[in-house]
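Coordinate-derived values only; no laboratory data. Fair warning: this is a prediction, and the values are worked out from it, not measured in the lab. Here Cβ is always computed from backbone atoms with ideal geometry, including for glycine, and neighbour counts include all displayed protein chains.
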Amino acid sequence: MRVAYVGLGIMGRGMVGNLIRAGHDVTVFNRTAERAAPFRAMGARVAASPAAAAAGAEVIGLCVTDGAAVAAVLQGEGGLLGALRPGQFVVDHSTISPADTVAFARQVADNGAAWCDAPVTGGDRGAREGTLTIMVGGEADAFARLEPYLQAMGRTIVHVGAVGQGQVVKLVNNFIGGVAMVGAAEGLLIGLSAGVPLDRIMAVCTAGSANSASLQLLADRLARADVLPGFSLSNRLKDMDLAMDAARRQGLALPLGALTAELFRERAGAGEGDLDQSVVARRYPGLFGDGGPART
């Protein structure tokens, strides 16, 4: 397929690499132009604007930071809305508000194109290896047309419903993951403070009901004392806030979610937003640094 792709951050870089390797005809745009150079070497074209990237494309993929960034790609100088044509698909892999998604979809439809929200989960490793889980909101016929594009980047691809519902499911996923991350930190703290080595705790917990991706990620980060971002704390906080906003719009009260969001906000306020999400564990003295419970 002829693909335009906007956004070459941690996730977008891996996804675009897989699109190229799968044989798609790819044009890229990134606001920071030097990030596009490796893809030119792989055979992609590099465009000077989102609109230029979209010229002649069947699919226009986006993977940017937040709703404001999506709005800029659509509506800003050189934006997509002035370049869209009937028959094109805009596929947003960003994680943004479901309400904003529906509004953006209307704008795209007014220009003759179709919108699918297709946020992803699986982290930077999944993006590199093409094993992402992709949850898609949009019309069934659009989903069917887009499968060759999606299959280049993901292993589990689920059409979850109408436009906006891909974002809803992504927020469900990331809300649960955020709450589990804090629960994992507190649980591990109990065991480590009692002198049980981390590997012994994990041998039991990964074989039992406590097992989760969040637990495994946190334990790995603790063992290696690694805070370089795979999925940043600021992005986890953004997604927690989006989930809480979606809950409020539905009249739901989520006290555990509210507390979890504030714990991530606390670490972001300490200047750690650009580090890995696992640094939320730093609120527990010593767990992620010197002077705390033994980890080995």
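Using a 7 Å offset from the Cα along the Cα-to-Cβ direction at both Val196 and Ala223, what is the distance between the two label points in nm, to one decimal?
Those two pseudo-labels are separated by 1.6 nm.
DSSP loop (so not H, G, I, E, B), at most 11 other Cβ within 10 Å: list which GluC sites (Glu not before Pro) in the stretch 29-125 pass both filters. Please list the in-between numbers first.
Details: sites: Glu34, Glu58, Glu77; in loops: Glu58, Glu77.
Within the stretch 29-125, the qualifying GluC sites (Glu not before Pro) (loop, at most 11 other Cβ atoms within 10 Å) are Glu77.
Going by average Cβ density within 10 Å per residue, which order do the peptides 168-179, 185-196 take, highest to lowest?
Packing order, densest peptide first, comes out as 168-179, 185-196.
Please identify the trypsin sites (Lys or Arg not before Pro) of the stretch 19-67 that satisfy two criteria: DSSP loop assignment and at most 10 other Cβ atoms within 10 Å. Which are they?
Loop-located and lightly packed - none at all.
Roughly what % of DSSP beta bridges within the chain run antiparallel, to the nearest 5?
Numbers: 4 of 29 bridges.
Counting DSSP beta bridges with both partners in the chain, the antiparallel share is about 15 percent.
Compute the distance from the alpha-carbon center of the stretch 178-231 to that of the stretch 1-35, in whole Å.
What the calculation gives is 34 Å, centre to centre.
Over all directions, average the projected area of the Cα convex hull of the stretch 126-199 and note it in nm². Please list the in-between numbers first.
Details: hull surface 25.4 nm².
So the mean shadow area of the Cα hull is 6.3 nm².
Taking N as the number of residues in the stretch 2-162, what value does Rg over Cα atoms divided by 2.2 N^0.38 Å take?
Values: Rg = 13.9 Å, N = 161, 2.2 N^0.38 = 15.2 Å.
That works out to 0.92 for the stretch 2-162.
Please list 108-121, 130-143, 256-269 highest first by mean number of surrounding beta-carbon atoms within 10 Å per residue.
Working: 108-121: 21.5, 130-143: 19.8, 256-269: 17.2.
Going from most to least packed, we get 108-121, 130-143, 256-269.
Tally the DSSP beta bridges in the stretch 1-120 and give the antiparallel ones as a percent, rounded to 5. Spell out each step's value before the answer.
Details: 0 of 19 bridges.
Of those bridges, close to 0 percent are antiparallel.
Sticking with the crude label model, points 7 Å out along Cα→Cβ, report the distance from Thr131 to Ala144 in nm, one decimal please.
3.2 nm
Rounded to whole Hz and in sequence order, give me ³J(HN,Hα) for the stretch 227-238 from the Karplus expression 6.51 cos²θ - 1.76 cosθ + 1.60, θ = phi - 60°, writing x for Gly and Pro.
Listing the rounded values in order: 10, 5, x, x, 10, 6, 4, 5, 5, 4, 5, 4 Hz.
Normalising by the residue count of the stretch 120-178, find the relative contact order in percent from Cα pairs under 8 Å and 6+ residues apart. Mind showing how you got there, number by number?
Working: 80 pairs, mean separation 21.7, N = 59.
It rounds to 37 percent for the stretch 120-178.
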